[in-house]
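Please read the structure below before turning to the comments.
The values are calculated or read from the model by the stated rules, or taken from the named source; none is laboratory data. Everything numeric in this text was worked out from a predicted model, so none of it was measured. Virtual Cβ from ideal backbone geometry, glycine too; neighbours counted across all protein chains shown.
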């Protein structure tokens with residue numbers, strides 16, 4: 001459950017136990033805390049300066065609740081605030097003497113008074129902030145006052161009209177916060193055995209499988225469009241699959257041959273990303289080895305290490321372990337370094353969820369019909385977000401260069417959290433289910449084609465550095 005915070009003004013519209021309106025901020029705050037709030041912000045206005053000692057003590061006695069007070073520079077309010085011992089206070093303008101024409105606190109005019117007030121709260125070990133204008137001078141003055149933080153006042157209607165920046169196309173483009181370019185994309189390529197084949201995938205309209213000798217057709221287009229990297233996914237023949245996924249270690253498998261072909265023709269004009277997992281090669285469709293009906297972790301890692309070394313030897317630039325075994329990133333990184341593949345990058349699928357959006361991909365690689373059971377014992381529970389942070393932290397510590405979040409659009413919150421917390425390159429996978437839903441809806445004219453662009457921008461807005469998308473080969477038309 002997310003933490004719940006409540007902002008209480010002196011006219012809070014909350015009812016007490018008798019069904020009456022709460023006219024008092026203290027009474028209202030105690031009420032919402034009793035209801036389960038984790039934090040409260042109470043605005044003590046000048047017309048509520050006379051707070052009873054017992055009420056102040058009630059707030060002071062609150063345990064495990066973050067208490068924030070918004071106060072003016074009135075001496076009675078300050079006295080009450082000190083009695084209440086909040087975690088934080090924010091000094092806001094309350095009258096004409098304290099406010100600027102822009103609406104923020106007039107720090108320059110009240111500098112001496114503010115310095116005295118802030119000193120009192122600092123002495124009481126209460127953190128402080130000021131409600132100021134977005135002015136460099138005001139920020140410098142706030143820094144001189146040694147406040148812990150500032151809240152920026154950005155203006156109000158009618159002086160501030162946000163629609164002014166939206167009035168014409170040129171001004172919308174001028175102030176847009178996020179953009180898309182071919183540099184933001186990774187193009188997945190599905191591989192099949194044979195010669196001169198381009199095979200459609202019924203559950204993924206507009207996406208195809210290619211034989212090795214036709215891969216250059218799609219790579220040529222990717223380079224021409226400016227796409228930095230392709231991702232290779234094989235559809236392994238059923239006759240080559242077994243319980244141990246041994247085809248993953250065959251230097252003549254589809255992925256290895258495709259790597260050699262691309263590197264031979266294009267050198268380093270484009271990057272190559274390869275999945276490190278066993279599901280395309282196992283007869284049971286799981287990402288690891290199975291013993292007693294369980295996917296076993298440590299034994300699987302030993303196979304993944306050898307698969308990684310083989311792909312690196314073939315010329316793979318970015319290894320992408322998508323298996324979700326515990327501890328595999330550290331062991332793969334160590335093996336790569338010991339084998340002089342120190343520059344081979346690792347893109348960890350650290351936040352890969354047990355999702356219902358993978359169906360069409362499993363059709364594409366031929367693992368859907370063979371999959372026995374589900375993958376919930378190793379892929380993440382989609383109800384969890386804190387767990388994703390733990391997974392990412394472990395993989396970064398073990399040597400991951402980049403992090404993948406999969407699926408993409410239903411997990412924008414995870415992308416944003418990872419980017420803000422770890423400041424590491426984060427990639428989003430717009431998975432097959434997301435793609436097929438969009439493409440089918442567009443083909444049936446249920447939604448407009450611009451929905452694709454909108455969905456892709458959402459990844460950038462959430463903080464993704466790049467996107468694995470089946471639309472990557474059409475990105476020039478999407479961006480027109």
Odd one out for residue 78, checked against (1) touching a helix residue (DSSP H, G or I) at 6+ places or on another chain (Cβ under 7 Å); (2) modelled with pLDDT of 70 or more; (3) buried (at least 16 other Cβ atoms within 10 Å of the Cβ); (4) assigned to a loop (DSSP other than H, G, I, E, B): (4)
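Is it true that residue 274 is in contact with a helix residue (DSSP H, G or I) (Cβ under 7 Å, 6 or more places away or on another chain) and outside any loop (DSSP other than H, G, I, E, B)? Give the derivation first.
Working: in contact with a helix residue (DSSP H, G or I) (Cβ under 7 Å, 6 or more places away or on another chain): yes; outside any loop (DSSP other than H, G, I, E, B): yes.
Criteria met by residue 274.
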Selection count where residues are in contact (Cβ under 8 Å) with a residue 60 or more places away in the chain and either surrounded by 10 or more Cβ atoms within 10 Å (Cβ to Cβ) or assigned by TED's automatic domain parsing to the domain that holds residue 122 (or both), scope segment 149-180: 4
Residue in segment 229-252 that is in a helix (DSSP H, G or I), touching a strand residue (DSSP E or B) at 6+ places or on another chain (Cβ under 7 Å) and closer than 21 Å to residue 468 by Cβ present: no
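Every residue in segment 251-260 that is surrounded by fewer than 16 Cβ atoms within 10 Å (Cβ to Cβ) and touching a helix residue (DSSP H, G or I) at 6+ places or on another chain (Cβ under 8 Å), please.
As a first pass, look at segment 251-260 and keep what is surrounded by fewer than 16 Cβ atoms within 10 Å (Cβ to Cβ): 251-252, 260.
Within segment 251-260, 251, 260 qualify.
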Residues within segment 277-297 that are outside any loop (DSSP other than H, G, I, E, B) and either free of Cβ contacts under 8 Å to residues at least 12 places away in the same chain or not assigned by TED's automatic domain parsing to the domain that holds residue 323 (or both), tallied: 1
Output for segment 261-278, where each listed residue is surrounded by 21 or more Cβ atoms within 10 Å (Cβ to Cβ) and either at pLDDT below 95 or more than 18 Å from residue 322 (Cα to Cα) (or both): 262
